[in-house]
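The values are calculated or read from the model by the stated rules, or taken from the named source; none is laboratory data. Predicted model, so just to flag it, every value in this text is computed and none were measured. Please note: Cβ atoms are built from the backbone with ideal geometry, for glycine as well, and neighbour counts cover all protein chains shown. Just the protein is used for accessible areas: all its heavy atoms, side chains included, with ligands, DNA and RNA removed. Shrake-Rupley method; radii C 1.70, N 1.55, O 1.52, S 1.80 Å.
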Amino acid sequence: MPSSNRCLPHTALSVLLLSVLLFSQIGLAVQQAGTESKEAEFEQLQKVLSHRQASRLLEQLDRFRTAIRSGDQDQVLLCMADGFKIFGQNPTVSKNIVLPQFLKQFSANSTPPLRLLSVSGSPKDLVLIIGSPELTEFKLRLNFDSDYKIVSFEQQKTDQQPDEPKGKMLEKQSSGMVGGLVKVAHTGPTTWKIQYQLSDPVRSIFFGPKTEAYHAKAWRIPEDFHFSVEGPYSYLERIDGAEFHQVEVTVETYPHVVMYAPQPFMVFGSGSAINTYSLGLASRLGPKKQMGGFRPEFQFFGFRDEMVLIPGYEPNRADPIAYPQQGLFVFFGNREGLIETAEVRTVLDNDFPTEWIGPYLRASNGLANLYNDQLGRANPGRLNMLVSFESDPRIGRPGFSGGAQGDAIAAKVYRPTDRDPSHEQTVDRLRLFFAHEMGHIWQQNLGQDDARWFNEGEAELLAITACCQLGYLTPPQIAANLTKRVSPCLQAMAKTSLLESHINGFPQANYEGGGLALAAAVAATGADGVQDNVFDLDVELKTFPAEALANEPLPTFLAGLRKLGATQTACDSIDEFITKKHDLPQQALIKMLDATGLDYSIENDQITIGPTFAEGMFPVGSDGPAHN
């Protein structure tokens, strides 16, 4: 999560959302088809992979099978290194791989073709078994690891089922779930004790994106443990690799921002909040370190007589709570900063500027009411907000960072001096920032970390639409907001597709380009004579099956647009804008604007978005914005 005027809440959560969704698929059983049809192979792959991933993998499997039949090991390894672009990046191939001698039998032209016989695991822990139904002596087991490296070939006899369960531990691997209890105790002003008491032995606890500086500085772990960093991820495990089911660590409060990862702490004048999302996301089990679930209960203990505030629960709850799958910021401190409105419960830092308190409280409560009215209630009680403040003379103007988790938002506000010479502009930015983060709580998420363009882009459009409906923004201001996105969007999209911008080092494009793509999409719904707004789009998407929303994000999004009146031409232009890297990105943007009807003009080769788009931001029959 960067310290910037516009945050990366899904990590922050950004990288985390992928991990959480993938782990839910770990328990898939081996699917055996034994058929010669490509359709059947594709159906098998879709049990574990998304439509796009399955299509890519099937293409590369064809190349792989051809290479195997050639009998040339170099060609096989080259195919593996160059071919398996399942996730938008090339895997590397272990130098220790040697093709088994039995593979030579598959190189004869008379041999029946190799077929995909079974698929198991998840996209991050994938096992494919290929072979020939006519050759019953051997099958080939192809193992991928969590970094998409193809790590081994194994001979698999046909009468042997992969990973046949043996005993309680392997049964636990099959279910992919570890329970138990994690006790979080605030033991001093800046110290914490974390006790893991797990229901079953594990090899590792998965902590998500690597945060080496934070773990090195703030965590004190037993001498026989260490944080293992593998690729972009961190794991807590014993140095000797043995299993464990209990470990106790001491953690120091860490007030600094951790980039592109869950923020472990928030520090206030009245206390501190610890993020359960930074305390474990999954487990690895058994000798092969198969990825498994991690669902222990959590229990919290305050320091002396301080209040413990768990989002979604009454203050000072003593009993354990169910594992918070989306993470919780749990506040430990006094009640001094606790402020409640009808829809929002806020822990506000003692130093939060007085002149911002009123605008913040009115905006947050008004936004919650509006989102509830337009998108339905997101949670049964109040939305929980934790807002810290820091005065930092090094920054040029006030800024905001933070993210949404579950039914709570954690945010940090910065200001360079004690006075704000641009109060009105700062309040406008404050409203937009919180409108964006609150939008994440209510919106329909798409994809498995392959639709950030939507999740961030729609949150941007929800924010400006909500602020427009509440009277905080005018149509010219909205046009200026969208126009500001054009230049940084085009710069990024000359180097990466919008779809893969976060993979290729341009995460901000999801906000700039995603916001423009969503604005164009909403404009496209006016082709039937009635322009819907982004609330209508989100409500329409909520009618689609959960599997389609998770595994087919872009096709489902486009299907929703067509149901709201968008033409196929408009949908095709949006698809192309999102999925392709453009040598001439400005032409690609103009093509989308023309096809969707989003108002714009060009002067001196500069694109300006027109204000007429804002007219569709109000409900049909509305008299215009409310005033708060």
Enumerate the pairs (first residue in the range 369-380 and at pLDDT below 90 and hydrophobic (A, V, I, L, M, F, W, C); second residue anywhere and assigned to a helix (DSSP H, G or I) and crowded, with 16+ Cβ neighbours inside 10 Å) with beta-carbon separation below 6 Å, excluding pairs fewer than 6 apart on the same chain, so at least 6 apart or on different chains.
Ala378/Ile441; Ala378/Trp442
Only one of these conditions is not met by Glu424: (1) within 23 Å of Thr543 (Cβ to Cβ); (2) part of a helix (DSSP H, G or I). Which number is it?
(1)
Those residues that are open to solvent by 20 Å² or more (accessible area, probe 1.4 Å), in a helix (DSSP H, G or I) and either at positive phi or not polar (S, T, N, Q) (or both), I need them from the range 470-488; list them, please.
Pro475, Pro476, Ala480, Lys484, Pro488
Among the residues of the range 232-247, count how many are assigned to a strand (DSSP E or B) and open to solvent by 30 Å² or more (accessible area, probe 1.4 Å).
3
In the range 572-604, residues that are closer than 28 Å to Val530 by Cα and of a type in the set (Lys, Arg) total 1
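One line per residue, one yes/no per condition, for (1) of a type in the set (Ser, Thr, Tyr); (2) open to solvent by less than 10 Å² (accessible area, probe 1.4 Å):
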position: Asp319; (1), (2): no, no
position: Gly327; (1), (2): no, yes
position: Thr341; (1), (2): yes, no
position: Val344; (1), (2): no, yes
position: Leu367; (1), (2): no, yes
position: Tyr371; (1), (2): yes, yes
position: Asp392; (1), (2): no, no
position: Arg397; (1), (2): no, no
position: Phe400; (1), (2): no, yes
Determine whether the range 411-428 contains at least one residue that is surrounded by fewer than 24 Cβ atoms within 10 Å (Cβ to Cβ) and under 30 Å from Asn551 (Cβ atoms).
no
Taking the stated definitions as given, is Arg377 farther than 24 Å from Phe268 by Cα, part of a loop (DSSP other than H, G, I, E, B) and open to solvent by 10 Å² or more (accessible area, probe 1.4 Å)?
yes
Exactly one of these conditions fails for Met291: (1) at pLDDT 90 or above; (2) outside any loop (DSSP other than H, G, I, E, B); (3) over 27 Å from Gly402 (Cβ atoms). Give me its number.
(1)
Tell me the residue from Asp428, Asp418 that is farther than 27 Å from Tyr313 by Cβ and modelled with pLDDT of 85 or more, please.
Asp428
Hits in the range 494-533 - residues which are of a type in the set (A, V, I, L, M, F, W, C), part of a helix (DSSP H, G or I) and either under 21 Å from the mean Cα position of the chain (by Cα) or surrounded by fewer than 22 Cβ atoms within 10 Å (Cβ to Cβ) (or both):
Ala509, Leu516, Ala517, Leu518, Ala527
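Look at Ala363 and say whether it is modelled with pLDDT of 90 or more and assigned to a loop (DSSP other than H, G, I, E, B). Spell out the reasoning first.
Values: modelled with pLDDT of 90 or more: yes; assigned to a loop (DSSP other than H, G, I, E, B): no.
The answer is no for Ala363.
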Restricting the search to the range 538-597, which residues are among the small types (Gly, Ala, Ser) and not in a helix (DSSP H, G or I)?
Gly565, Ala566, Gly597
Going through the range 539-583 one residue at a time, which ones are open to solvent by less than 30 Å² (accessible area, probe 1.4 Å), out of contact with any Gly (no Cβ under 8 Å at 6 or more places or on another chain) and of a type in the set (Gly, Ala, Ser)?
Ala548, Ala559, Gly560, Ala566, Ser573
Can you pull out every residue in the range 264-284 that is more than 17 Å from the chain's Cα centre (by Cα) and either free of Cβ contacts under 8 Å to residues at least 12 places away in the same chain or part of a strand (DSSP E or B) (or both)?
Phe265, Met266, Val267, Phe268, Gly271, Ser272, Ala273, Ile274, Ser283, Arg284
List pairs: first in the range 219-236 and of a type in the set (Ser, Thr, Tyr), second surrounded by 17 or more Cβ atoms within 10 Å (Cβ to Cβ) and assigned to a loop (DSSP other than H, G, I, E, B), Cβ under 9 Å, 6+ apart or cross-chain?
Tyr233/Ser146; Tyr233/Lys210; Ser234/Lys210; Ser234/Thr211; Tyr235/Arg203; Tyr235/Lys289
Got a number for residues in the range 381-411 being at pLDDT 85 or above and of a type in the set (Val, Ile, Thr)?
2
